[in-house]
Every structure is written in C-alpha cells, then in structure tokens.
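**Q** Okay, here's the structure, questions in a sec.
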Amino acid sequence: MYKEKKISVVIPCYNEEEGIALVVKSLPDFIDEIVVVDNNSTDRTSEVAKALGARVVFERKKGYGAAYKAGLPEVTGDITVTMDGDGTYPVEQIDECIDYLLNNGLDFVSASRFPLKDKDAMNVSNIIGNAILTFATLVLFMRGIKDSQSGMWIYMSKIYPMLGVKSDGMPLSEEIKIAAIRNPNLKFDEYHVNYHPRVGEVKLNKWRDGFENLLYLVRLRLGLI
C-alpha cells in the first residue's frame, strides 16, 4: 500500500529474462501486485518472473499493445503503474509519480523522459524519431506533450475502461495518452523522470515501428480507428 492505495505494476515482456529480474527485484516494497505479461517469450522470462513473486499473464498474440490489453484489465490495485521489462524506466521514481498523481488530483500521469538526463540512455535516431512523433501529436491533436512515446504511465485503475484503446502494436503508447487527454472527464499531465540504458537485446524495429506510429496518429485523427 502507498498512501492507503493498492499499487499494481504491469510489465509487458518478450524475451526479457535478464531485464525482468532486475526490474522486479528493484521495485519498492510498497508495490502490492506485479503483473508480467509474457508475449510469447522463448526464454525463461515467465519462470524468472514467477520465482520473484509476479503473477504471469500469457498473451499469444504478438505485439506491445496486445500484451498491454491482456495485462491492464487484470490489475486489482487502485493505481496502475506500467514500465518495460528492460530496466529503462525508473522504479526509484514510482513514488514521486504517484505523489504527483494524487497531490494534483489527476487521473493519468505519463512519465516524460525528455529532456534526457542521461544522454547515453537513448541513441540519436530514437531521439529524433520520438521528437517527430511528439510533434505530430501536437499538430494533429493540438495538445503539446513532451514525450508521446513514453511507456511508463501512472493512472487510477478505474479509468482504464474509459480509454478504449485498440492498437495491438507500438501505437498503443501514444493512443492511451491521447485517449486520456481527449476525455473531458479525465485530468492528464506529465512528470519528468530519469531514463536508463536498457538491459538485454533491443526488440524495436525503429523505422517500421516509427512509420506505423505516425500512420496510426493520422488514422486516429481522421476517425478511422
């Protein structure tokens, strides 16, 4: 419990046996529930997660969004925190993000990585790609945010059904933020966090995923999704 709130953490994973061990072991003691979504891993991701006390949810349909759509409805906590299984997002700042959510009466907080505190944590092409997609979000939806692609979100669990996310792929990250921003009944903001170099092999196909995200933004704005 944290400030009388039950806290759930959801972590999607594909072949992250090294990273998930680091992440789960580093989580603060006040975390009540850890949900790891195994998205067809061929390594020991599930075994490692279970051994460390996580509840594992299996999702056969491959994709970042598919994994999250399998895991997010499974939480039982009052507040949901998401992060990747590669050690990039700051478990040491979860309490700060929750405080920001509660102290400001917010429903959804997205952890913004920019400006990067550790310049070596992300390569230049990824920085440029993030900047392009974040700018496109501003142009298409007239709402300036600093990091449209962040995978660390902190929100009141009860709002998840209101977000109606559909993407099975990487675009879910931008889609869930836009859904929170556009809902007149929800209060959204960002909170600046650290970003760490990843543990393990990079799974992202930056050019394919970047184009997919950009196309998804356009289709979402045109009401085609």
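The values are calculated or read from the model by the stated rules, or taken from the named source; none is laboratory data. This structure is a prediction, so every number in the text was calculated from the model and none was measured. No Cβ is skipped: glycine too gets one built from the backbone with ideal geometry, and neighbour counts run over all protein chains shown.
**Q** State whether one or more residues within the range 112-120 are in a helix (DSSP H, G or I), in contact with a Gly (Cβ under 7 Å, 6 or more places away or on another chain), modelled with pLDDT under 95 and not polar (S, T, N, Q). Let's see the steps before the verdict.
**A** Kept after step one, since they are in a helix (DSSP H, G or I), are these residues of the range 112-120: 119-120.
Pick out the ones that are also in contact with a Gly (Cβ under 7 Å, 6 or more places away or on another chain) and you get none.
Among the residues of the range 112-120, not one is in a helix (DSSP H, G or I), in contact with a Gly (Cβ under 7 Å, 6 or more places away or on another chain), modelled with pLDDT under 95 and not polar (S, T, N, Q), which makes the answer no.
**Q** Please work out if Asp99 is acidic (Asp, Glu), under 30 Å from Asp120 (Cβ atoms) and part of a helix (DSSP H, G or I). Give the derivation first.
**A** Numbers: acidic (Asp, Glu): yes; under 30 Å from Asp120 (Cβ atoms): yes; part of a helix (DSSP H, G or I): yes.
Considered against the rule, which asks whether it is acidic (Asp, Glu), under 30 Å from Asp120 (Cβ atoms) and part of a helix (DSSP H, G or I), Asp99 comes out as yes.
**Q** Considering the range 80-96 alone, what residues qualify as being more than 15 Å from Asp29 (Cα to Cα) and either among the aliphatic types (A, V, I, L, M) or more than 13 Å from the chain's Cα centre (by Cα) (or both)? Explain how you work it out, then say what you get.
**A** Let us first name the residues in the range 80-96 that are more than 15 Å from Asp29 (Cα to Cα), namely 80, 82-89.
Met83 - this is the single residue of the range 80-96 that is more than 15 Å from Asp29 (Cα to Cα) and either among the aliphatic types (A, V, I, L, M) or more than 13 Å from the chain's Cα centre (by Cα) (or both).
**Q** Moving on to the next point. Restricting to the range 88-123, and then to whatever is touching a His at 6+ places or on another chain (Cβ under 9 Å) and of a type in the set (D, E, K, R), can you tell me which residue is surrounded by the most Cβ atoms within 10 Å (Cβ to Cβ)?
**A** Arg113
Residues checked against (1) crowded, with 21+ Cβ neighbours inside 10 Å; (2) free of Cβ contacts under 8 Å to residues at least 24 places away in the same chain:
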position	(1), (2)
Val36	yes, no
Thr42	no, no
Gly53	no, no
Val56	no, yes
Lys62	no, no
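**Q** Further question on the same structure: Taking Asp84 and the conditions (1) assigned to a strand (DSSP E or B); (2) in contact with a Gly (Cβ under 6 Å, 6 or more places away or on another chain), which numbered condition does it fall short on, given that it satisfies the others?
**A** Condition not satisfied by Asp84: (1).
**Q** Quick check on this structure: which one of Asp86, Asp99, Asp43 is out of contact with any Ser or Thr (no Cβ under 9 Å at 6 or more places or on another chain) and farther than 19 Å from Val199 by Cα? Can you show your working first?
**A** Numbers: Asp86 fails: farther than 19 Å from Val199 by Cα; Asp43 fails: farther than 19 Å from Val199 by Cα.
Of Asp86, Asp99, Asp43, the one residue that is out of contact with any Ser or Thr (no Cβ under 9 Å at 6 or more places or on another chain) and farther than 19 Å from Val199 by Cα is Asp99.
**Q** For Ala67, which of the numbered conditions (1) part of a loop (DSSP other than H, G, I, E, B); (2) under 18 Å from the mean Cα position of the chain (by Cα); (3) closer than 25 Å to Asn194 by Cα fails to hold?
**A** So the condition that Ala67 fails would be (1).
**Q** With respect to the numbered conditions (1) within 17 Å of the chain's Cα centre (by Cα); (2) modelled with pLDDT of 95 or more; (3) surrounded by fewer than 19 Cβ atoms within 10 Å (Cβ to Cβ); (4) in a helix (DSSP H, G or I), which one is the sole condition not fulfilled by Asn126?
**A** (2) is the only condition that Asn126 fails.
**Q** Scan the range 1-47 residue by residue and report those that are of a type in the set (Asp, Glu) and under 21 Å from Pro73 (Cβ atoms).
**A** To start, the set of residues in the range 1-47 that are of a type in the set (Asp, Glu) comprises 4, 16-18, 29, 32-33, 38, 43, 47.
The answer is Asp32, Glu33, Asp38.
**Q** Return the pairs, sorted by first residue and then second, in which the second residue is of a type in the set (Gly, Ala, Ser) and outside any helix (DSSP H, G or I), the first residue lies in the range 117-130 and is within 15 Å of Tyr89 (Cβ to Cβ), the beta carbons are less than 8 Å apart, and the residues are 6+ apart or on different chains.
**A** Asn130/Ser148
**Q** Can you name the number of the only condition in (1) surrounded by 14 or more Cβ atoms within 10 Å (Cβ to Cβ); (2) touching a residue at least 24 places away in the same chain (Cβ under 8 Å); (3) closer than 19 Å to Arg221 by Cβ that Thr134 fails?
**A** Answer for Thr134: the failing condition is (2).
**Q** Would it be correct to say that Leu217 is at pLDDT below 95 and surrounded by fewer than 17 Cβ atoms within 10 Å (Cβ to Cβ)?
**A** No; evaluated as a whole, the condition is false for this residue.
**Q** Take the residues in the range 1-38 that are assigned to a strand (DSSP E or B) and of a type in the set (Val, Ile, Thr), then tell me which one is nearest to Ala70 (Cα to Cα).
**A** Narrowing the range 1-38 to residues assigned to a strand (DSSP E or B): 2, 5, 7-13, 33-38.
Still in the list and also of a type in the set (Val, Ile, Thr): 7, 9-11, 34-37.
Numbers: Ile7: 18, Val9: 14, Val10: 10, Ile11: 11, Ile34: 14, Val35: 10, Val36: 10, Val37: 7 Å.
Checked the range 1-38; the qualifying residue nearest to Ala70 (Cα to Cα) is Val37.
**Q** Take Ala49 and decide whether it is surrounded by fewer than 21 Cβ atoms within 10 Å (Cβ to Cβ) and either part of a strand (DSSP E or B) or under 19 Å from the mean Cα position of the chain (by Cα) (or both). Write out each step before concluding.
**A** Details: surrounded by fewer than 21 Cβ atoms within 10 Å (Cβ to Cβ): no; either part of a strand (DSSP E or B) or under 19 Å from the mean Cα position of the chain (by Cα) (or both): yes.
When the stated conditions are applied, Ala49 does not pass them.
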